[in-house]
Every structure is written in structure tokens, then in C-alpha cells.
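Below: the structure, in C-alpha cells.
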Amino acid sequence: MKFEHTLRYDASPVEVFAMLGDPGFREQVCEAQHVTEASAKIDGVDDKMSVTVDQKRPSDGIPSFAKKFVGDTIHILQEEEWSGASDAALEVSIPGKPGHLKGTITLRPDGDGTVETVSGELRVHIPVVGGKIEKLIAELLEHALEAEQRVGKAWLAER
């Protein structure tokens, strides 16, 4: 399943890249998503960085057909490899489960602001219900990115 979500910020791509490279920002995004455990690790030099966000969240609200695959807690691992200040390879996985998103993140100027686009291919390799779970994961990713944008707008406004 193809996935794409666009976020808009009233800040330059350089400012958005700096925000995305701040562990404090990543942790605030996790808090806004009500995760039960989270850590953010960022390594990098200049405009290249590696980002790992490791989080666990309750599976409350997940339909029963999907809950039996994920359990009571969903472990999500988000890994980004930024090759420059505007482009990253992205992988979001559920360790130990047969699903992942592989794609890209781009930051592009848009007037006085920035457009961040997250896109990729979402796959769940489970016979019969895989497509339903892909749609469910896409919805969860949409909500997570909406929370990231809310936190990001406030973060940038404070700086």
C-alpha cells in the first residue's frame, strides 16, 4: 500500500531540519502521542544524521482482528538516515511483527515555509487480513504525523 502525508511549517527547511535533529522535540512528539515508553537517539555531523525513535504504546482502540497480532502493547521503531538537510531514508517497523513502512522524508521550501513529505510503501505480510492491517497502520501513522505537526508548530513558534 502506498502511503504519503504532507506536513507544513512556517519556518525554513534549515529550521525544520534542526528541529527534527533535536531529541527533545522527538520526545515531545512521543508525549503528545501518549506513548508509555520512548527514547530518541540522534547521531550526526553537519547536515547528515541518523535518528532512531523507539516507542511503546498501548494497543487500546485497535480492532480485535489486529490486536491478536500486536498484543496489548505496540512496539514501534522509527529509523531515519538523513543524507543531507533535505532528504532522508525512512523505515518504520514493528519489531518481531510482519509489517513495515519503507520510504523517504523530504523537506522542501514552500514560500516562507517548509513542506515535509513522508512517503513510502507500507507492507504487512499476513494472509487474509494484511490489507486491513495496512489500512489500520496507515491511519495510526497519519495520527502520529498530525501530532508531530502540532508539536512542531508550537516548537518552532517558541524559537
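Going through (1) surrounded by 14 or more Cβ atoms within 10 Å (Cβ to Cβ); (2) within 19 Å of M1 (Cα to Cα) one by one, D110 falls short only on (2).
Annotation: of all residues in the range 32-69 being part of a helix (DSSP H, G or I) and touching a residue at least 60 places away in the same chain (Cβ under 8 Å), the one that is surrounded by the fewest Cβ atoms within 10 Å (Cβ to Cβ) is F65.
Here A144, A88 are screened, and the one residue that is closer than 25 Å to V16 by Cβ and at pLDDT below 95 is A144.
The residue that is modelled with the lowest pLDDT, among those in the range 92-120 that are among the charged types (D, E, K, R) and out of contact with any Gly (no Cβ under 8 Å at 6 or more places or on another chain), is K97.
When the range 107-128 is limited to residues that are of a type in the set (A, V, I, L, M) and in contact with an Asp or Glu (Cβ under 6 Å, 6 or more places away or on another chain), the one that is farthest from R150 (Cα to Cα) turns out to be V124. Of the residues that sit in the range 70-85 and are loosely packed, with under 15 Cβ neighbours inside 10 Å and modelled with pLDDT under 90, which one is nearest to I105 (Cα to Cα)? Per the stated criteria, the residue is T73. Just so you know, in the range 80-94 the residues that are polar (S, T, N, Q) and in a loop (DSSP other than H, G, I, E, B) include one that is farthest from K41 (Cα to Cα), and it is S86.
The values are calculated or read from the model by the stated rules, or taken from the named source; none is laboratory data. A quick note: this is a predicted structure, and the numbers were derived from the prediction, not measured. Cβ sites come from the backbone with ideal geometry, for glycine too, and all protein chains shown count toward neighbours.
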